[in-house]
Each structure stands twice: as C-alpha cells, then as structure tokens.
1. Based on DSSP, what percent of beta bridges with both residues in the chain are antiparallel, to the nearest 5?
2. Roll a 1.4 angstrom probe over the protein heavy atoms and tell me the percent of accessible area of region 48-117 that is carbon or sulfur.
3. For the chain, what is the accessible area per residue in Å², given a 1.4 Å probe and the full set of protein chains?
4. Could you compute how fast region 209-254 diffuses translationally, taking Rh as the Kirkwood radius over C-alpha pairs and applying Stokes-Einstein at 10 °C with viscosity 1.306 mPa s? Give it in µm² per second.
5. Using Stokes-Einstein with the Kirkwood hydrodynamic radius over Cα pairs, what translational diffusion coefficient do you get for region 1-132 at 4 °C and a viscosity of 1.567 mPa s, in µm²/s rounded to a whole number?
6. Could you give the nm distance between label points at E108 and R155, where each point is 7 Å from its Cα heading toward the beta carbon?
7. With springs only between Cα atoms under 10 Å apart, run a GNM on the chain and tell me which of R241, R38, R250 wobbles the most.
8. Using 0.36 nm times the number of residues separating A230 and N273, minus their current alpha carbon distance, what extension gain do you get?
Amino acid sequence: MLIVNTIAELRQHLSAYKHPAFVPTMGNLHEGHLALVRQAKPLGDVLVVSIFVNRLQFLPHEDFDTYPRTWEADCSKLQDAGCDVLFAPSEQELYPEPQTFLVQPPAELADILEGHFRPGFFVGVCTVVMKLFACVQPRVAVFGQKDYQQLMMIRRMVRQFSLPIAVLGGATLRAPDGLALSSRNNYLSPVDRAEAVQLSQSLNTMAQALRAGALDIAALEQRAMADLTARGWQPDYLVVRRRADLQVPRADEVTPLAQNEDLVLLGAARIGNTRLIDNLEV
Ligand code: PAF
C-alpha cells in the first residue's frame, strides 16, 4: 500500500490508472469501513482510501479536537483489507487557504434531520467530498448507508454536478447485539454501551408497528421518542420518511409493510455524552 500526503503525488501515481475506486473516511477505522473497502476493491483498477478529519463538518462545540486519530492501526487494517493507495493529506494540504468556495446543498435536504441538529454539517461534508473527488477523480465511490442522509446528499451532488462517478452505498455492519458500528461507539461507557442497542431496537419497534398496520406516523414517532427519553436518552429525532427525498410521507404513502418499500426510519439520539445515529429501510 502506497501512502501519499500530497495532491501532486496522488495525481502522479493515479495517472497510470483509468478506473479508480474510492472510499473516503475520517480514520478510526472499524469493520464497517473495512467492509466498504472490500466492496470497493473489485470495482476499480486501483483502490484509494482517504483519511482526513474534516474540520469544516464539525460545529465549534463538537469533537473535532478529540476525534480519535488512530493512524498506525488504520494503516495496518487498510493494508490487510486490500487498499492500494492511502491518501492522507494534512489540513494545510487540503485547505491551504480558507475554503471560501463551498458546496451548498438545498435547504430542503440539508436543513432537516442531521442538518437541523448539526447546522452547516452537510456544507462541510459536500465541500470536502467534492474536493476529495477532484483529487482522486474516482469512477466509483462507496459510502456507508449508516449515514443515510449523507449518502443521499452525495448522490444528488454527483447527479447535479454531472460528475462521472458511480456512488454506491455499503450496508451497515452491526455488533452482535444489533448496535450499528460507528467510530463514536468508542466513546460509550460500558453502561451506555449496553444501553446503546436501544436506538436500533426503537427503529425495529417502529417498523413492527408499521407492519402491524399503524398509520398514525406522528403518534408512532412521539411514542418512540418518549420511550427512549424514559430510558435516559436525549433523542433528537425518530422519524418515518420517504427514502427518495427524506421528506414526511403523505398519509396515502403509509400502508401496511408489504407496500412500504419506499419508507425509511431514521433516528438520532444521545446516550450519556455520545450521539448515535441509525436507520432502517422498511
Ligand atoms: O462519513 C464520513 O466519514 C465523512 O463524512 C466523509 C464522507 C469522509 C467526509 O469527511
């Protein structure tokens, strides 16, 4: 595996290839990331993974400074997973001057759900991904489905800017108890870790209620929020949305499960000091 830190080196090396496959990450890699790497590996003639903790997508009070940097372990995991080129630019390399040109996604996508609770997050994500795409010029890029809204946003960005990149989603990997793998799971205390699976269980309970014919979405969402709150969580949202645009479905779009394939359940909640997100397509 070749490790490159500059855009010039990266471009020089990739000039020998026609179909780079790409997995962007912020490091602190777990099995979920490695599954994306293995998924991407056969899709290109060279596989590039980036590690860059992107300041632009963190709010001032968020965990940019403390976000786990696990360089040695990440390198050896990527080597074993088949990464060909690890692109790890410094902040100075990727943002040599203040990034005043930004990718601004439309408010109806960027200001809801994650974007509502983390204002500016998707501007930061879209801007860095656009920039990484410009560096790597991949033909295919793989993003985790755990970040459902992010994946949808990147797909739209690629479509609207006519970028010649196929964007694929990688299935969410889960711990044996059902907790979605996430770099932020490392923050959980043992007690919170035992409780953390309740987020995905809440989504499962909502899915079962839909399957059983519950049609009052607002009531379903409120009950899920109240149940998590009663267990000591601070939920931001537990919602039923349309998969296509993450908007609230019309009443006639919610039917017993057999016809609910256009819906997704999305949740974000804080347990202790750790904010977790998850989703479930129904
Ligand atoms: O999902 C992530 O790890 C980040 O949001 C990404 C896509 C690497 C951009 O910084």
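1. Around 45 percent of the beta bridges assigned by DSSP in the chain are antiparallel ones.
2. 55
3. 47
4. Calculated translational D: 138 µm²/s.
5. For these conditions, the coefficient is 82 µm²/s.
6. 1.7
7. Top of the fluctuation ranking is R250.
8. Between A230 and N273, full extension yields 13.8 nm more.
The values are calculated or read from the model by the stated rules, or taken from the named source; none is laboratory data. Note that the structure is a prediction, hence the values are computed from the model and not measured. Here Cβ is always computed from backbone atoms with ideal geometry, including for glycine, and neighbour counts include all displayed protein chains. Please note that ligands, DNA and RNA were not included when accessible areas were found on the heavy atoms of the full protein model with its side chains. Shrake-Rupley method; radii C 1.70, N 1.55, O 1.52, S 1.80 Å.
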